[in-house]
Amino acid sequence: MHAVELIQTEQQDGVFTIRINRPEKKNALNIAMYGALADALQRAEEDHSIRVALLCGTDSCFTSGNDIADFVNSPPTGPDSPVLRFLRALMLAAKPIVAAVSGSAVGIGTTLLLHCDLVYAADTAVFQMPFVGLGLCPEAGSTLLLPQLIGHQRAAELLLLGDPFSAPRAEQLGIVTAVVPQADLLPTAWAKALQLSAQPAAAVRLTKSLLKRGNTRELQETCMFEIKCFLERLSSPEAREALQAFFDHRKPDFSKFH
Ligand code: COA
């Protein structure tokens, strides 16, 4: 399947739906998909007939995060790499982004939500930021945004232990706007996106930029620094053991590293 089909887009009533569609790999994001996501967000910014982006996955999965094989075979190289283009487009989006999360939201599947404006989750959704357990470090500006949102200790628990957490817990923490029954997820997210689309667009853009204004520069710096650390971690013995363990379907053994 081509990237263009793995990332499907559709425009209706000012809402630009961007759907991650690689269910056989739990919507893991490969390089081509990051590129298609970046292109879709850029199109949403440039096309005047688009007023809101709506980001969703499939019923069983939002996204299982970065394709683990790509961590090994095609890590991001420079500022124009698809992953970084996607992160920039997400961070700098002037138009509102609504996310609808069903199933697993792992790694960047959770951290990207910190940049969205309205986030709806199915009651069955499960969130996880397993970076440390993979020998890696958090990304997408999450080391700045998460403690700002939920405080150091709760951010530390989610990031250092990397345990999965439920949709109600994500709502309690403020990572999602609201939790709804699975069957109501897309209708709810769609209705909110339509409501946003009917608002005066310039006032919406201004308000979004004012909400984010205090953070913009620090967020970009944090994101770039995290990526540098992340790339260094990818070739560390800890990450090599963790990624190999994923492919071998076994638990990693970190006892020999210190
Ligand atoms: N990258 C590459 N492949 C992935 C993947 C990822 N991030 N997540 C899942 N897959 C693949 C699995 O290898 C499996 O492929 P196979 O059928 O060829 O063996 C397939 O998708 C189905 O995954 P599976 O683990 O069997 O599904 P599950 O329902 O039991 O679990 C997840 C779903 C998302 C909880 C689990 O797949 C998972 O933890 N994935 C890794 C998430 C991760 O660590 N992401 C990186 C974050 S930095």
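Rundown of residues vs (1) in a helix (DSSP H, G or I); (2) closer than 28 Å to Ser102 by Cα; (3) free of Cβ contacts under 8 Å to residues at least 24 places away in the same chain, yes/no style:
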site	(1), (2), (3)
Leu196	yes, yes, no
Val204	yes, yes, no
Lys208	yes, yes, no
Arg240	yes, no, no
Arg250	no, yes, yes
Phe254	no, no, no
Quick one: count up the residues across segment 182-210 that are touching a Gly at 6+ places or on another chain (Cβ under 6 Å) and open to solvent by 60 Å² or more (accessible area, probe 1.4 Å). 0
Of the conditions (1) more than 16 Å from the ligand (Cβ to nearest atom); (2) open to solvent by less than 20 Å² (accessible area, probe 1.4 Å); (3) without any contact (Cβ under 8 Å) to a residue 40 or more places away in the chain, His48 satisfies every one except a single condition; which number is it? (2)
Restricting segment 125-137 to residues that are in contact with a strand residue (DSSP E or B) (Cβ under 9 Å, 6 or more places away or on another chain) and open to solvent by 10 Å² or more (accessible area, probe 1.4 Å), the one farthest from Val15 (Cα to Cα) turns out to be Pro130
Name the strands (runs of 3 or more DSSP E) wholly inside segment 79-162 in which the number of residues that are within 11 Å of the ligand (Cβ to nearest atom) and not acidic (Asp, Glu) is 1 or more. 104-106, 126-128
Hey, among Thr188, Thr216, Thr222, which residue is among the hydroxyl-bearing types (Ser, Thr, Tyr), part of a helix (DSSP H, G or I) and touching a Leu at 6+ places or on another chain (Cβ under 7 Å)? Thr222
Leading residue by the ranking (nearest to the ligand (Cβ to nearest atom)) among those in segment 51-73 that are assigned to a strand (DSSP E or B) and open to solvent by less than 20 Å² (accessible area, probe 1.4 Å): Cys61
Which of the residues that make up segment 30-45 are more than 14 Å from the ligand (Cβ to nearest atom) and either open to solvent by 30 Å² or more (accessible area, probe 1.4 Å) or touching a residue at least 40 places away in the same chain (Cβ under 8 Å) (or both)? Gly35, Leu37, Ala38, Asp39, Leu41, Gln42, Arg43, Ala44, Glu45
Give me the pairs: first residue in segment 56-69 and among the hydroxyl-bearing types (Ser, Thr, Tyr) and modelled with pLDDT of 95 or more, second residue more than 10 Å from the ligand (Cβ to nearest atom) and in a loop (DSSP other than H, G, I, E, B), beta-carbon distance under 9 Å, and six or more apart or on different chains, which are they? Thr58/Asn21; Thr58/Ser102; Thr63/Gly57
Does Arg213 satisfy the criteria of being without any contact (Cβ under 8 Å) to a residue 60 or more places away in the chain, under 21 Å from Phe131 (Cα atoms) and either among the basic types (Lys, Arg) or open to solvent by less than 70 Å² (accessible area, probe 1.4 Å) (or both)? no
Residues in segment 4-29 that are of a type in the set (Val, Ile, Thr), within 22 Å of His48 (Cβ to Cβ) and open to solvent by 70 Å² or more (accessible area, probe 1.4 Å): how many? 0
Restricting segment 1-29 to residues that are within 16 Å of the ligand (Cβ to nearest atom) and under 13 Å from the mean Cα position of the chain (by Cα), the residue that is nearest to Leu196 (Cα to Cα): Ile20
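The values are calculated or read from the model by the stated rules, or taken from the named source; none is laboratory data. The model shown is predicted, which means the values in this text are computed figures rather than measured ones. All Cβ positions, even for glycine, are placed from backbone atoms using ideal geometry, and neighbour counts span all protein chains on display. Heads up: the accessible areas ignore ligands, DNA and RNA and are worked out on the full protein's heavy atoms, side chains in. Shrake-Rupley method; radii C 1.70, N 1.55, O 1.52, S 1.80 Å.
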